[in-house]
Amino acid sequence: MKLLSACFIAFVAVIGASSSARAQSADSILVNGKIVTVDGPFSIREALAIKDGRIAAVGTTADIRKLAGAGTRTIDLQGRTVIPGLIDSHLHAIRAALSFSTEVNWIGASTLPEALGRIREAARTKPPGSWLIVAGGWNVQQFKENRRPTQAELVAAAPNNPVYVQLGYGWAMLTPAAHKALNITSEADLPQGGRLEKDPGGRLTGAVTGGQGAIIALFDKLPRPTFDDQVTGTKLFFRELNRLALTGVYDPGGNNLEPADYQALFKVWRDRQMTVRVIYTLCGQTPGSEFEELKNWTALLPVGFGDDMLRFNGLGERITFAMNNNDRPTEADKDLYYQIAKWAAGQGMSLTMHWNRDATADQLLTIFERVNKEVPIGPLRWSIAHLNDASPKSLERMKALGMGWTVQDAMYFGGEQFQQQAGPEAARRVPPVETAKRIGVPIGAGTDAHRVASYNPFTALQWFLDGKTVGGVAIRGPEETPSRADALRFYTMGSAWFSRDEGQRGSIEPGKLADLAVLSKDYMTIPVDQVAGIESLLTMVNGRVVYAASPFAALEDKR
Ligand SMILES: [Zn+2]
């Protein structure tokens with residue numbers, strides 16, 4: 001027998017005592033479903049009630065129906081599964097959103113003709129001469145052909161537009177029209193470190209290669225979307241995330257992200273049109289001046305500033321350029337990092353740090369331990385992002401510091417390469433989420449989209465469960481493969497921890513914000529290889545239907 005929660009009983013008591021039962025009845029009820037609550041015991045319920053943007057009760061359909069009054073909207077789930085709204089704990093959403101209405105997206109394309117077809121389609125709908133940009137989020141292994149597009153293929157798809165296609169942070173193909181528009185006639189015209197790629201016969205391919213800095217600088221030369229485009233892109237991107245059951249993101253700043261780039265998001269927030277809750281942190285953007293920059297930017301921005309839809313959370317994922325992707329920082333590099341981290345701790349800020357290799361994580365952890373001796377960081381919810389090959393020793397040090405770990409599906413795209421470099425044995429334990437869970441390190445899930453990965457949480461959830469790369473190679477062993485319940489927990493309650501939101505969201509429990517998604521298939525029982533194909537049929541944020549598809553399409557609140 002399913003027991004009613006204490007809150008439910010209190011809610012019923014309030015209704016009974018009120019002379020105005022109508023004012024006290026639920027705003028919405030969802031009945032006849034499979035509610036995966038993600039509460040402590042991972043309870044499954046049939047129905048739930050929503051009042052004033054929060055979950056009022058969960059229970060059986062019969063019990064919840066008693067909370068309906070004349071003005072209550074009843075949503076019959078017809079057996080469908082409901083989960084708490086997903087939260088990506090490491091998604092470069094603010095940057096992705098800016099160009100979402102103007103970029104071409106290759107996420108999910110499984111063949112080159114399909115990807116090129118999206119370029120062709122964009123060329124048809126945009127004026128001749130306008131830029132067609134694929135800014136990342138794809139990988140050669142996702143294509144049946146297992147290769148990059150050639151310049152000739154891009155020209156054939158869009159003969160009248162400059163086309164720019166970036167792969168990760170190391171390669172970008174430009175059509176001749178794009179070279180011309182950027183005034184690139186020789187290697188001397190490229191940003192420092194950039195090279196014109198040549199084929200084995202010595203002919204130019206049309207692509208530019210180089211280090212991350214060169215590719216970032218090249219991308220900076222592209223025309224930026226107008227402010228109106230950015231606002232439109234932000235709303236469309238959030239809706240796209242809602243379509244995939246996401247109701248929250250933790251945005252860790254990133255490359256090419258200046259204060260001006262936050263203004264579209266701020267406008268959407270001011271206009272009360274946010275459909276995804278955004279937690280954000282700031283990165284220094286000028287090498288050498290990061291400390292001054294961060295002090296200036298946060299002088300009037302206390303940690304926690306904002307509201308339930310948009311909130312500032314501290315620093316990261318990059319603190320200084322000198323310590324960014326640098327396995328051999330100097331003593332001076334480390335000291336500056338320490339000064340900034342200590343200052344952030346003194347300000348009560350959270351801090352999330354991008355670090356890739358466990359072999360060198362000692363340098364970072366030593367700094368955090370030094371800070372912690374002066375200002376305890378345990379209460380501040382600091383974290384490391386990535387660190388896919390985290391050793392038990394590093395995880396134990398993180399646990400001792402009270403730190404969390406945000407885990408992304410980097411191995412979905414990069415697994416084969418990791419396996420080649422580190423060997424199949426090392427690849428079996430990447431990332432070691434079961435070890436981290438045993439040690440007690442809080443885990444959040446996410447994607448690191450959109451330059452280097454897809455933002456689709458169901459791709460990431462499937463990858464958590466089968467360890468398979470985009471090319472279909474299973475590299476992870478069962479010893480580090482989480483259960484479906486745990487993978488979902490990482491993506492909900494786990495991610496909520498990093499912004500101290502686990503008491504507010506991440507599960508469907510009375511009193512929590514009514515953020516949830518009705519799924520197209522039952523995540524808990526369908527074959528694992530179908531998980532990546534799940535979509536939301538109805539997504540609620542704050543009890544408001546921000547996205548809906550058939551058979552619920554009529555319920556969408558198109559404010
Ligand atoms: Zn990162």
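Structural remarks
- Normalising by residue count, the stretch 261-370 has a Cα convex hull of 112 Å³ per residue.
- Part-to-part distance (alpha-carbon centres) for the stretch 322-378 and the stretch 43-69, which is given in Å: 46 Å
- Rule-of-thumb Rg ratio for the stretch 381-465 [Cα; 2.2 N^0.38 Å; N residues]: 1.07
- For T360, net neighbour charge (Lys/Arg +1, Asp/Glu -1) across residues whose Cβ lies under 12 Å away: -1
- Relative intensity of the stretch 172-211 on a log10 scale, I(q)/I(0) at q = 0.15, 0.24, 0.30, 0.34 Å⁻¹, equals -0.31, -0.79, -1.14, -1.28, per a Debye sum over C-alpha point scatterers of equal strength in the absence of solvent.
- Mean separation of Cα contacts under 8 Å, 6 or more apart, over the residue count of the chain: relative contact order %: 17 percent
- Cβ-based net charge around P527, under 12 Å, with every Lys or Arg adding one and every Asp or Glu removing one: -1
- Counting only alpha carbon atoms, the long axis of helix 392-401 and the longest principal axis of the chain meet at about 60°.
- Overall Cα dimensions of the stretch 240-294, principal axis frame, Å, largest first: 40, 22, 15
- Taking the longest Cα principal axis of the chain as reference, the axis of helix 361-374 is set at about 50 degrees.
- The stretch 116-204 shape via C-alpha gyration tensor axes, a/c threshold 1.5: oblate
- When the Cα atoms of the chain are aligned to their principal axes, the ranges along those axes come out at 81, 59, 48 Å in descending order.
- Three-way shape call for the stretch 206-308 based on the alpha-carbon gyration tensor, with the a/c threshold at 1.5: oblate
- Listed residue pairs exceeding 31 Å between alpha carbons, taken from K267/K295; K198/K468; K126/K235; K342/K393; K468/K512: K198/K468; K468/K512
- Calculated FRET efficiency for the pair Q339/A260, C-beta based, R₀ 35 Å, to 0.05: 0.80
- Mean residue ellipticity, 222 nm, helices only, the chain: the sum of -39500 (n - 2.57) across DSSP H runs of n ≥ 4, divided by residue count and rounded to 500, is -9000 deg cm²/dmol.
Values quoted throughout were computed directly from the atomic coordinates according to the rules given, and no laboratory measurement underlies them. Predicted model only: the values in this text are computed from it and were never measured. Here the Cβ is made from the backbone with ideal geometry for all residues, glycine too, and neighbour counts use every protein chain on show.
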